[in-house]
1. Under 7 Å by Cβ, and 6 or more places apart or on different chains, what pairs join a residue from segment 93-105 that is on the phi > 0 side of the Ramachandran plot with one that is of a type in the set (Gly, Ala, Ser)?
2. Take Thr84 and decide whether it is open to solvent by 30 Å² or more (accessible area, probe 1.4 Å), within 13 Å of the chain's Cα centre (by Cα), farther than 24 Å from Asn161 by Cα and not acidic (Asp, Glu).
3. Considering only segment 88-103, I want to know if a residue exists there that is in contact with a His (Cβ under 9 Å, 6 or more places away or on another chain), small (Gly, Ala, Ser) and closer than 26 Å to His166 by Cβ.
4. Report yes if Arg140 is open to solvent by 10 Å² or more (accessible area, probe 1.4 Å) and touching a residue at least 12 places away in the same chain (Cβ under 8 Å), otherwise no.
5. Condition (residue is in contact with a Cys (Cβ under 6 Å, 6 or more places away or on another chain) and assigned to a strand (DSSP E or B)) applied to segment 76-91: is it met by at least one residue?
6. When the residues of segment 51-62 are filtered to those that are touching a residue at least 12 places away in the same chain (Cβ under 8 Å) and assigned to a loop (DSSP other than H, G, I, E, B), which remaining residue is most open to solvent (accessible area, probe 1.4 Å)?
7. Given Asp131, Asp171, Asp184, which one is out of contact with any Pro (no Cβ under 8 Å at 6 or more places or on another chain), in contact (Cβ under 8 Å) with a residue 24 or more places away in the chain and open to solvent by 20 Å² or more (accessible area, probe 1.4 Å)?
8. Could you tell me whether segment 187-197 includes any residue that is within 23 Å of Asp81 (Cβ to Cβ), buried (at least 22 other Cβ atoms within 10 Å of the Cβ) and within 14 Å of the chain's Cα centre (by Cα)?
Amino acid sequence: MAFEDSMERPRLHLPIVLVAFATACTGVVPGATGTDAGPSGTLIVANMSDHTATLVDLDRGTVIATLPTGVAPHEIAVTGDGRTAVITNYGDRGAPGRTLTIVDIPSASVSETVDLSVYERPHGVAVLPGDTLVAVTAERQGEVVIVDLRSGEVIDGIPTNGRASHMLAMDAGGRRIFVTNIVDGTLSEIDPIRGALVRTIEVAP
């Protein structure tokens, strides 16, 4: 399914820092101005064991809010305007997750929980240019799922031709998505505009 009409031309985005730890994943939403004293803005931390996400005011060094998510939130992506965070809920050993938690950052509240239907173990996530679509890996199915943030609907599932498709990265223009496949030791190059696999590259186990 093509969705080029939903994407704006590439534009300058605020930088987003994503750091993965053993028990948490964080996303930084920068403030309008920076200082030499350190980072400013809002830090979003996914607390995997507690099934929550914490918003931290970096300027004051204080917690703004801790919000409920699905089971075992793993990765976070933030829209270019810094207003919305998308969190993948991976699930636990007994039950695979299949939801996204959508956070409205200005109000520090959960605005929606998106059900991915048959797509399980969502993990890597990136917001496409235009801030209306997100790409999410469905690890169990080996696909990249495209979700419309406006409707909360899954609009496409693109096979990676790999097993345990885990993390993803996207070029600045949103024309290519690269996905790591844990079991196969491969990298899948995806064209989200055409909704198709471009090629598979062998990397390492």
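1. Close Cβ pairs (under 7 Å, with a partner that is of a type in the set (Gly, Ala, Ser)) do not exist here.
2. yes
3. Looking for residues that are in contact with a His (Cβ under 9 Å, 6 or more places away or on another chain), small (Gly, Ala, Ser) and closer than 26 Å to His166 by Cβ, one finds at least one in segment 88-103, hence yes.
4. Details: open to solvent by 10 Å² or more (accessible area, probe 1.4 Å): yes; touching a residue at least 12 places away in the same chain (Cβ under 8 Å): yes.
It is true that Arg140 is open to solvent by 10 Å² or more (accessible area, probe 1.4 Å) and touching a residue at least 12 places away in the same chain (Cβ under 8 Å).
5. Yes.
6. At the first step, the residues of segment 51-62 found to be touching a residue at least 12 places away in the same chain (Cβ under 8 Å) are 51-59.
Next cut, assigned to a loop (DSSP other than H, G, I, E, B) only: 51, 58-59.
Working: His51: 74, Leu58: 50, Asp59: 106 Å².
This residue is Asp59.
7. Details: Asp171 fails: in contact (Cβ under 8 Å) with a residue 24 or more places away in the chain; Asp184 fails: in contact (Cβ under 8 Å) with a residue 24 or more places away in the chain.
Just one listed residue meets the conditions, Asp131.
8. First pass over segment 187-197, keeping only residues within 23 Å of Asp81 (Cβ to Cβ): 192-193.
So of that shortlist, the ones also buried (at least 22 other Cβ atoms within 10 Å of the Cβ) come out as 192.
Still in the running and within 14 Å of the chain's Cα centre (by Cα): none.
Scanning segment 187-197, I find no residue that is within 23 Å of Asp81 (Cβ to Cβ), buried (at least 22 other Cβ atoms within 10 Å of the Cβ) and within 14 Å of the chain's Cα centre (by Cα), so the answer is no.
The values are calculated or read from the model by the stated rules, or taken from the named source; none is laboratory data. Remember, predicted model here, so these are calculated numbers, not experimental data. For neighbour counting, all protein chains shown are included, and Cβ atoms are generated from backbone atoms with ideal geometry for every residue, glycine included. Heavy atoms of the whole protein, side chains included, go into the accessibility calculation; ligands, DNA and RNA do not. Shrake-Rupley method; radii C 1.70, N 1.55, O 1.52, S 1.80 Å.
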